[in-house]
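*Asks:* Pasting in a structure now, in structure tokens, and then I'll have a few things to ask.
The values are calculated or read from the model by the stated rules, or taken from the named source; none is laboratory data. All of these numbers come straight from a predicted model, not from anything done at the bench. Quick reminder, even Gly has a Cβ in these numbers, built from the backbone with ideal geometry, and neighbours come from all protein chains shown.
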Amino acid sequence: MNNSTRQIVFIDGVGGKRYMRGTFVRYFERRGYKVLCFDYKVSSQSFDEIQKKLSEFLSAVGSQGEYHAVGYSFGGVLLRSLSEQLEPHLRPRRAVLLASPLRAMRLARRLHNWKIYQILTGECGQFAADEERMSKVPMLNIPCAHIYGTWPWLGAFCFFFGFSLPHDGMVAADEAIPSSQAQAIPVPASHAFIPSNVHALRAMERCFATETSAAKHSCDKCLVVSSTH
């Protein structure tokens, strides 16, 4: 691999578990990358506190050299929220928004008044349900791929909304795609297991391997992976 960027930051989602990203970490470490993971506690940390810690984390990684970033689920929202705040030389070279909502989530809006939801997701859960706040989070100004799941059999989404919309059990496809014209990558995976999905891993690897403007495909023009497997 002629890739010169050998660091990847994985920014976890609300309620993310280490075992969910274990395959991701091993996959890229076997390919010569150093994988660094950013965790946070939504039950005890505010959005601003988490954002500040992520900024410090990314700045520390960036000071050691170029890196790519993967924002999984709400981790992608956090990454986008720092789009203009990081110094240019400390920003990721390329990014993947993995099953990450770009607008207020239907499921979050349905559940945001539930006490158990508030306890488990904290301010970040309320943020994901707030159309105004979500609409103000900027898009990334670096090459970025959007990968989303289309395996609805696991998760709460179908309980409330059925199967009329393609979704991964938590995030609807149209919540994870910038526009109908955008190049995005669907994979046959549920929300919880998309970080370990082989199709998602291969798509991310292709995007990260694209290092120059002369390459055949840029990260935001990755080939669409079939979701019918």
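*Asks:* If a residue must be without any contact (Cβ under 8 Å) to a residue 24 or more places away in the chain and of a type in the set (S, T, Y), how many such residues does the stretch 140-166 contain?
*Replies:* Qualifying residue count for the region: 1.
*Asks:* Given the residues F163, F157, which is the only one that is buried (at least 18 other Cβ atoms within 10 Å of the Cβ), modelled with pLDDT under 95 and not small (G, A, S)?
*Replies:* None of the other options fit; the residue is F157.
*Asks:* Condition check: closer than 30 Å to S63 by Cβ, touching a residue at least 12 places away in the same chain (Cβ under 8 Å) and among the hydroxyl-bearing types (S, T, Y). Does S100 satisfy that?
*Replies:* Criteria met by S100.
*Asks:* When only residues in the stretch 78-123 that are of a type in the set (G, A, S) and closer than 27 Å to L201 by Cα count, which is surrounded by the fewest Cβ atoms within 10 Å (Cβ to Cβ)?
*Replies:* S83
*Asks:* Examine the stretch 15-38 for a residue that is part of a loop (DSSP other than H, G, I, E, B), hydroxyl-bearing (S, T, Y) and surrounded by fewer than 16 Cβ atoms within 10 Å (Cβ to Cβ), and state whether such a residue exists.
*Replies:* Taking every residue of the stretch 15-38 in turn, none turns out to be part of a loop (DSSP other than H, G, I, E, B), hydroxyl-bearing (S, T, Y) and surrounded by fewer than 16 Cβ atoms within 10 Å (Cβ to Cβ).
*Asks:* Among the candidates P138, P178, single out the residue that is surrounded by fewer than 18 Cβ atoms within 10 Å (Cβ to Cβ), under 30 Å from T5 (Cα atoms) and modelled with pLDDT of 95 or more.
*Replies:* It is P138.
*Asks:* Right, next: Would you check which residues across the stretch 66-85 are modelled with pLDDT under 95 and either at positive phi or touching a Leu at 6+ places or on another chain (Cβ under 7 Å) (or both) and list them?
*Replies:* Residue satisfying the conditions is S83 alone.
*Asks:* Enumerate the helices (runs of 4 or more DSSP H) found wholly within the stretch 48-135, keeping only those where 2 or more residues are under 19 Å from A184 (Cα atoms), under 13 Å from the mean Cα position of the chain (by Cα) and of a type in the set (A, V, I, L, M, F, W, C).
*Replies:* Helices (runs of 4 or more DSSP H) meeting the threshold: 74-81.
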